[in-house]
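A.B. asks: Below: one structure in structure tokens.
The values are calculated or read from the model by the stated rules, or taken from the named source; none is laboratory data. Quick caveat, the model's predicted, so the values are computed rather than measured. Here the Cβ is made from the backbone with ideal geometry for all residues, glycine too, and neighbour counts use every protein chain on show.
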Amino acid sequence: MLTNLAVRDIETLVHPYTNLAVHREVGPLVLERGKGVYVYDVSGKDYIEGMAGLWCTSLGYSNEELCDVAYEQLKKLPFTHIFSGRSHDPAIELAEKLKEIAPVPISKVFYGASGSDANDTQVKLVWYMNNALGRPKKKKIISRLKGYHGVTVASASLTGLPANHTDFDLPLPGILHTSSPHHYRFAQPGESELDFSARLAAELDEMIQREGPDTVAAFIAEPVMGAGGAVTPPEGYFEAINAVLAKYDILFIADEVITGFGRTGEMFGTTTYKMKADTLSCAKALTSAYFPLSAVLINEPVYEVLVDQSRKIGTFGHGNTYAGHPVGCAVAVKTLEIYQRDRIIEHVRKVAPTFLQRLTRLAEHPLVGEARGVGLIGGVELVKDKASKAQFEAKKAVAAKSVSFAQDEGLILRAMGGDRVAFCPPLVITEAEIGEMFDRYERALARTLDWVK
Ligand code: PLP
């Protein structure tokens, strides 16, 4: 029986990333409050937030310091834009902090309000810069199949997932996709991780040659693919990719919207995977999701071009109202302070072995073909036959079924294409809570096995 709130939801909302026809039948999960790694629905039932919301609530759900700093900033100066050279203290302080911790050689910070608009900015900067440099042909951007970079027209084009393109008339021309680095699913039989990485790098090299190196401007990648299935890269992958990009003077954009700020056990996934990125997008854990904020970290050569262009044509014509919102920046400054003060990355390193041990143990289950992760992020893939890696029919939605059993068991996870399930709990999760999270999913898997039989 649908509750009153559920009926009102169905009558009023279009939910993002939802099967809208199914939603009309089953209704919403209505959450009311959160504490630590737990969220509670309107009936009071508890759930472990195994996805940190959408890979974002890194400090959990009841961080009073973040609430206080937001409230104080709201009282002091709830809004000022930073157009036309206007500024405020939190925006400046945050940019200084980001410069200190960035894993790429950054010169300046450009703010946005979401991961999508950060990547949209990256695309526009690449185009703008190459026009300014008198290289109007050097505009193509290469992304990866199953990569996820957002939903604006440009960032959805970068995204390599069919649902973001079908019937939206995307991707835009000039945005190309190379193969996904998912070894378990796409390596040839017997192909080692290193050989697979070398093959993908050679394929990228061929794509650049085929397109013409003077037409390819940039490459974008997430250190760990998120929405494409919580996929960690194979051994040697980014080292091989770095070499190809360097050969053709192609800008490397790291999309650290999920991995930024400790997720992989280091401040940035770029460092974990030795990515020689030139520029970086971050969001989500930048504020622990207590306020929408994103940032593009811009290197000195790109910044110099922007300044030169202003000398020639005037205003740099890009930016949105809430870019550098004072409340978001104040919350982000406090979030970064807490990461440092409470040694959150050390905590991630301490609990990650338990997380990864329980994650990889799932591969003993008859339905789990792959279970792999890094730090506090990982994915499992449910398969019909482990020996042949044969998949279930997509419309059977087996991973989604396991996630709905998990929800019954009090655990929120996310099912993705290819019957993959992601785990990405708040970074503050304890070892005991990790144990409880996997106990709940193991019960969900047992129910899924009964259901598929
Ligand atoms: N990039 C990555 C790697 C993401 O995971 C996401 C969102 O999940 C985005 C970009 C887009 O961010 P947003 O949903 O804030 O627009």
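A.B. asks: If you go through the stretch 286-302, how many residues are more than 11 Å from the ligand (Cβ to nearest atom), part of a helix (DSSP H, G or I) and closer than 22 Å to G373 by Cα?
C.D. replies: 0
A.B. asks: Now for a different question. Output the residue which, of all residues in the stretch 114-130 that are assigned to a helix (DSSP H, G or I) and in contact with a strand residue (DSSP E or B) (Cβ under 6 Å, 6 or more places away or on another chain), is nearest to W55 (Cα to Cα).
C.D. replies: If we take residues in the stretch 114-130 being assigned to a helix (DSSP H, G or I) and in contact with a strand residue (DSSP E or B) (Cβ under 6 Å, 6 or more places away or on another chain), then G115 is nearest to W55 (Cα to Cα).
A.B. asks: Considering each of T215, T166 in turn, give the residue that is of a type in the set (V, I, T) and touching a residue at least 24 places away in the same chain (Cβ under 8 Å).
C.D. replies: T215
A.B. asks: Sticking with this one: Take A163 and tell me if it is within 15 Å of the ligand (Cβ to nearest atom), outside any loop (DSSP other than H, G, I, E, B) and surrounded by fewer than 19 Cβ atoms within 10 Å (Cβ to Cβ).
C.D. replies: yes
A.B. asks: Kindly evaluate E96 against the criterion of being free of Cβ contacts under 8 Å to residues at least 12 places away in the same chain and either closer than 29 Å to Q407 by Cβ or touching a Phe, Trp or Tyr at 6+ places or on another chain (Cβ under 7 Å) (or both).
C.D. replies: no
A.B. asks: When you scan the stretch 426-453, how many residues do you find that are closer than 18 Å to R349 by Cα and among the small types (G, A, S)?
C.D. replies: So the count comes out to 2.
A.B. asks: Looking at (1) away from the ligand (no atom under 16 Å from the Cβ); (2) crowded, with 18+ Cβ neighbours inside 10 Å; (3) assigned to a loop (DSSP other than H, G, I, E, B); (4) on the phi < 0 side of the Ramachandran plot, which is the only condition T315 fails?
C.D. replies: T315 satisfies all of (1) away from the ligand (no atom under 16 Å from the Cβ); (2) crowded, with 18+ Cβ neighbours inside 10 Å; (3) assigned to a loop (DSSP other than H, G, I, E, B); (4) on the phi < 0 side of the Ramachandran plot except (2).
A.B. asks: Which residue pairs have Cβ atoms under 7 Å apart, sit 6 or more places apart or on different chains, and have a first residue in the stretch 107-135 that is within 19 Å of Q309 (Cβ to Cβ) and a second that is charged (D, E, K, R) and part of a helix (DSSP H, G or I)?
C.D. replies: S107/E300; A132/D308
A.B. asks: State which residue pairs qualify: first residue at pLDDT below 95 and inside the stretch 52-79, second residue not in a loop (DSSP other than H, G, I, E, B) in any location, beta carbons under 7 Å apart, and separation of 6 or more residues or different chains.
C.D. replies: Qualifying pairs under 7 Å: S62/G34; S62/K35.
A.B. asks: Can you find a residue in the stretch 100-113 that is modelled with pLDDT of 95 or more and farther than 24 Å from T152 by Cβ?
C.D. replies: So far as the stretch 100-113 goes, yes, one or more of its residues are modelled with pLDDT of 95 or more and farther than 24 Å from T152 by Cβ.
A.B. asks: OK, next. Looking at G27, G50, which one is on the phi < 0 side of the Ramachandran plot and in contact with a helix residue (DSSP H, G or I) (Cβ under 6 Å, 6 or more places away or on another chain)?
C.D. replies: G50
Listed here are the residues, each with its yes/no results for (1) touching a residue at least 40 places away in the same chain (Cβ under 8 Å); (2) closer than 30 Å to Q73 by Cα.
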{"residue": "D308", "(1), (2)": "yes, no"}
{"residue": "P326", "(1), (2)": "yes, yes"}
{"residue": "V331", "(1), (2)": "yes, yes"}
{"residue": "I338", "(1), (2)": "yes, yes"}
{"residue": "Q357", "(1), (2)": "no, no"}
{"residue": "P366", "(1), (2)": "yes, no"}
{"residue": "E381", "(1), (2)": "yes, no"}
{"residue": "K389", "(1), (2)": "yes, no"}
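A.B. asks: Further question on the same structure: Picking from A102, A113, which residue would you name as being under 20 Å from V333 (Cα atoms), buried (at least 17 other Cβ atoms within 10 Å of the Cβ), more than 16 Å from the ligand (Cβ to nearest atom) and not acidic (D, E)?
C.D. replies: A102
Here is a yes/no grid of residues against (1) surrounded by fewer than 24 Cβ atoms within 10 Å (Cβ to Cβ); (2) touching a strand residue (DSSP E or B) at 6+ places or on another chain (Cβ under 6 Å):
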{"position": "V231", "(1), (2)": "no, yes"}
{"position": "F238", "(1), (2)": "no, no"}
{"position": "K247", "(1), (2)": "yes, no"}
{"position": "R263", "(1), (2)": "no, yes"}
{"position": "T271", "(1), (2)": "yes, no"}
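A.B. asks: Separate question: Name the single residue, out of those in the stretch 131-148 being outside any strand (DSSP E or B) and within 16 Å of the ligand (Cβ to nearest atom), that is nearest to P326 (Cα to Cα).
C.D. replies: The qualifying residue nearest to P326 (Cα to Cα) is Y148.
A.B. asks: Having 1 or more residues that are within 16 Å of the ligand (Cβ to nearest atom) and of a type in the set (F, W, Y) is the bar; report the strands (runs of 3 or more DSSP E) wholly within the stretch 167-279 that clear it.
C.D. replies: Passing ranges, in order: 216-221, 251-255.
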